[in-house]
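Below is one structure, written out as structure tokens; the observations come after it.
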Amino acid sequence: MAPRGTAREKLLNAAIKLVRTHGYAGTSLDDLCEEAGVSKGAFFHHFKSKDDLAQMAAQFWDERTGTLFASADYHKHTDPLDRVLGYVDFRGEIMDGDIPEFTCFVGTMVQEAYRDAPEIRRACRDSIFGHADTLIDDIQAAIDQAGLKPKDWTAESLAHYTQATLQGAYILAKATESNEAALTSVAHLRRYIELLFAPSH
């Protein structure tokens, strides 16, 4: 992670803010420099191109959000299912404020760049799936604790499904300019997980 306050970090933060607000294509090099308060010379000292910045910003986003989630209270639960459900609850709790402030930077960017910028796509993929993978151990522990023998799903597939639901929730928030539909999706995700682990299953 860049030292706080450097031109590099300012540009990374500017990329996250502007792409979440205007999209990747709608964010120009001039916009990035203006938001960061740096010159184009400073930009090219740290990054080869806008795409290069985007790749680095995906990694920077991953580090920043990783710290947020690693310190969240849901990890304190002793029961693994409670930790999984606590994670879902936490995702709902942070869906607050202006839409660009709670939607996913890499999820926004990959929707635009997945075809024309494979390096950005890979960086976004690594961030999204890397985050999903942090749930796998708790889900597997919950499966083992419940004595489940799922035939058509795994801890990994459920972890990935949580991300699909959350990314879709962000799209609904943008489409409606409200977090209401997004929070409803999170509530449905929680109920679905509870049903998977219900005794009848």
Q) According to the square roots a ≥ b ≥ c of the eigenvalues of the Cα gyration tensor, what is the shape class of the range 131-194, taking rounded for a/c under 1.5, prolate for a/b larger than b/c otherwise, and oblate for the remainder? A) prolate
Q. In nm, to one decimal, how far is the modelled label at Gln140 from the one at Phe44, with both set 7 Å along Cα→Cβ?
A. 4.9 nm
Q) Over the range 76-119, what percent of the accessible surface lies on carbon and sulfur atoms, probe 1.4 Å? A) 45 percent
Q. What figure in square angstrom, to the nearest 10, would you give for the accessible area of Arg122 with a 1.4 Å probe?
A. 90 Å²
Q) So what is the relative contact order for the range 112-172, in percent, with contacts set as C-alpha pairs under 8 Å and at least six apart? A) 31 percent
Q) Hey, what D do you get for the chain in µm²/s if you plug the Kirkwood alpha-carbon radius into Stokes-Einstein at 10 °C and 1.306 mPa s? A) 88 µm²/s
Q.
Multiplying the sequence separation of Asp96 and Ile171 by 0.36 nm and subtracting their Cα-Cα distance, what value in nm do you get?
A. 25.5 nm
Q: Once you have the Cα-Cα distance between His22 and Asp126, take 0.36 nm times their residue separation minus that, and quote the gain in nm to one decimal.
A: 35.2 nm
Q | the chain - accessible surface per residue (Å², probe 1.4 Å) | A | 53 Å²
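Give me the dipole magnitude in Debye, nearest 20, for the chain about the Cα centre, with unit charges on the beta carbon: positive for Lys and Arg, negative for Asp and Glu.
The dipole of the chain has a size of about 340 debye.
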**Q.** the range 122-201 versus the range 48-80: alpha-carbon centroid distance in Å
**A.** 17 Å
Q.
If I ignore ligands, DNA and RNA and count only protein heavy atoms, how much of Ile128 is accessible to a 1.4 Å probe, in Å² to the nearest 10?
A. 40 Å²
**Q.** Rounded if a/c under 1.5, otherwise prolate or oblate - the range 1-94, Cα gyration tensor axes
**A.** prolate
Q.
For a test of understanding, tell me how many lysine pairs in the chain have Cα atoms under 24 Å apart, given they are 8 or more places apart or on different chains.
A. 9
Q) In percent, how large is the relative contact order of the chain, given Cα pairs closer than 8 Å and 6 or more residues apart? A) 21 percent
Q: Output the DSSP H helices from the chain with an along-axis C-alpha extent of no less than 20 Å and a mean Kyte-Doolittle hydropathy no less than 0.0.
A: 155-176, 180-196
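The values are calculated or read from the model by the stated rules, or taken from the named source; none is laboratory data. The structure displayed is predicted, hence computed values, not measured ones. With ideal geometry, Cβ positions are generated from the backbone for all residues, glycine too; neighbour counts draw on all protein chains shown. Surface areas here come from the heavy atoms of the whole protein model, side chains and all, with no ligands, DNA or RNA. Shrake-Rupley method; radii C 1.70, N 1.55, O 1.52, S 1.80 Å.
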